[in-house]
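The values are calculated or read from the model by the stated rules, or taken from the named source; none is laboratory data. Note that the structure is a prediction, hence the values are computed from the model and not measured. When we count neighbours, we look across all protein chains shown, and the Cβ atoms used for this are built from the backbone with ideal geometry, even at glycine.
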Amino acid sequence: MKESLADSMALMEALIEYRQKPISNDLQQIRHKYSMLHLDVLTLLYYFASTSAGNILEIGPYLGGSTISAALGMRGSSAHRRLISVEPGGSHRHHRIPSKDILRDLRKNLAKQRVAEMVTLIAGYSWEEKTMSEVRGQLELCSVGLFIIDADGEVKRELGNYRNLLLPGCNMVVDDYVSLKSGGKDLTTRPQIDELVASGELQALGVYGWGTWIGRWWGSANATT
């Protein structure tokens, strides 16, 4: 408990520090153009990508705000790493950043921000066998240090499919833990995360922005039975 509190405090202090860095202005523009996530969440994605060991796996980039933030952070790291992003595509109505063709717009945005060469984009649903096979073909076992999930709320499914790719202590960013909308994805996301935290598989570090959960994955071996 004391370690979790200390880790949570350290993360909040890191956020305060990175809010004051020049990159914060760039991330604000990225959020405005490409993301529904809060600026603090994009800042933490940049922070994790620039300071964490291991590759990055993302499920549900939409128009690429989170992807670009992570890629910029990864660019500042001296280590050679990979960023794999899984997106099924389609269309989405949104009052600020709608898209009639998500994959087309995502590719265009990554290219515009000059990070396309840093991102391996896999088109498909994360739970499809073809998609999982492609992801596993790109990433070694126990190599992912940052796992980003912003999809349909099925966190346990995503961990079940990809946990063997994660490093112990892998940073996790999961959207829709809290939502003010009736019938939102939090009805699925929150109980699943709470169960995994209670079992010891996940460590909670906090909820940021408009309801994005931040924490770490420690493996099913740590889960209580």
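If you scan segment 71-102, which residues turn out to be touching a residue at least 24 places away in the same chain (Cβ under 8 Å), surrounded by fewer than 13 Cβ atoms within 10 Å (Cβ to Cβ) and among the small types (Gly, Ala, Ser)? Within segment 71-102, 76, 79 meet the criteria. Consider segment 106-127 and keep the residues that are of a type in the set (S, T, N, Q) and more than 16 Å from residue 49 (Cβ to Cβ). The one that is nearest to the chain's Cα centre (by Cα) is 126.
Restricting attention to segment 141-163, the residues that are closer than 13 Å to residue 202 by Cα, of a type in the set (A, V, I, L, M, F, W, C) and out of contact with any Ser or Thr (no Cβ under 8 Å at 6 or more places or on another chain) total 2.
Conditions (1) out of contact with any helix residue (DSSP H, G or I) (no Cβ under 7 Å at 6 or more places or on another chain); (2) among the acidic types (Asp, Glu), marked per residue:
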| residue | (1), (2) |
| --- | --- |
| 12 | yes, no |
| 36 | yes, no |
| 42 | no, no |
| 58 | no, yes |
| 64 | no, no |
| 84 | no, no |
| 103 | yes, no |
| 111 | yes, no |
| 114 | yes, no |
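Filtering segment 66-76 for residues that are within 19 Å of residue 207 (Cβ to Cβ) and at pLDDT 95 or above leaves a non-empty set.
Only residues that are assigned to a helix (DSSP H, G or I), surrounded by fewer than 22 Cβ atoms within 10 Å (Cβ to Cβ) and among the aliphatic types (A, V, I, L, M) were counted across segment 25-59, and they come to 1.
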